[in-house]
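Novice: After the structure tokens below, expect a handful of questions from me.
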Amino acid sequence: DTEVTQTPKHLVMGMTNKKSLKCEQHMGHRAMYWYKQKAKKPPELMFVYSYEKLSINESVPSRFSPECPNSSLLNLHLHALQPEDSALYLCASSQDVPGRTDTQYFGPGTRLTVL
Amino acid sequence: SQQGEEDPQALSIQEGENATMNCSYKTSINNLQWYRQNSGRGLVHLILIRSNEREKHSGRLRVTLDTSKKSSSLLITASRAADTASYFCATPIKAAGNKLTFGGGTRVLVKP
């Protein structure tokens, strides 16, 4: 199984809502990533989890809260978002072998619209 | 800030033609990777070339790497309509846990 799954595919939320994005992989990968991608732009890294610990936070506003319940799951909790947070949110995973840069496997993304 | 810059930003070709896109980067790298993204979907890894390699092939893809010029190129030969996508180069930032930084991307349209 070389698939990264993300739910939901689409999400529309108001600025006062609380919602969560979910990501799952069963490849035994120990690194998981959240990216944000605006239209016609490259993905921008938000968070990296390595062995279920947050290793990189790219100065992301606190209205985005990541969580890694176990090595297969990655969540992104959303609260009090702004319309400019509307984007495609991509999850990815990789093996995370020390000293080696691994290829990343991406999920199909969640298209988020904040009204 | 982006590590890689891609050129051209957009490319339109006829089916059967070759497509070439270039990527320049700023810092020393261990490897450079190319990814494809179909419209509104996730990225798919295409090929990884290491810093001690100059050229690599995978099917209809040919990647070159010139570390002296800090540049790489991706050539798609005999293009097909299904090759229509955005193509991104990505480089690991060693000082930042080998996280990947993506270039701006080249949007390729292959017309049937």
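Here, each number is a calculation from the coordinates, and none is a lab measurement. The shown structure was predicted, so the numbers you read here are calculated from the model rather than taken from an experiment. We place every Cβ from the backbone using ideal geometry, glycine too, and count neighbours over all the protein chains shown.
Novice: Between the range B:14-80 and the range A:14-39, how many Å separate their Cα centres?
Specialist: 27 Å
Novice: Taking Cα atoms of chain B, Rg/Rh with Kirkwood Rh, to two decimals?
Specialist: 0.96
Novice: Then there is this: Tell me which lysines have Cα within less than 23 Å of A:K18's Cα, excluding those fewer than 8 residues away on the same chain?
Specialist: A:K9, A:K36, A:K38
Novice: Output the Cα-based Rg and Dmax of the protein assembly as shown in Å, rounding Rg to one decimal and Dmax to a whole number.
Specialist: So, for the protein assembly as shown, Rg and Dmax equal 17.6, 52 Å respectively.
Novice: Quick check for you: which residues of the range A:89-115 have the amide N under 16 Å from the point 7 Å beyond the Cα of A:T16 toward its beta carbon?
Specialist: Those under the cut-off are A:115.
Novice: Taking amide H atoms as placed 1.01 Å from N in the peptide plane, list the residues 5 or more away in sequence, or in a different chain, whose amide H sits under 5 Å from that of B:K99.
Specialist: Close amide H contacts, sequence-distant or interchain: B:I93.
Novice: Mind checking the dipole of chain B: about its Cα centre, +1 per Lys or Arg Cβ, -1 per Asp or Glu Cβ, Debye to the nearest 20?
Specialist: In total the dipole reaches around 280 debye.
Novice: Cysteines of the protein assembly as shown lacking any other cysteine beta carbon under 4.7 Å?
Specialist: So far as the 4.7 Å Cβ criterion goes, A:C68 stand without a partner in the protein assembly as shown.
Novice: Counting only other chains, and only Cβ atoms inside 10 Å, what mean value do you get across the residues of A:88-98?
Specialist: Other-chain Cβ atoms within 10 Å of each residue's Cβ, averaged: 2.
Novice: How far apart, in nanometres, would the label points at A:I56 and B:R41 be if each is projected 7 angstrom from Cα along the Cα-to-Cβ direction?
Specialist: The two pseudo-label positions are separated by 2.5 nm.
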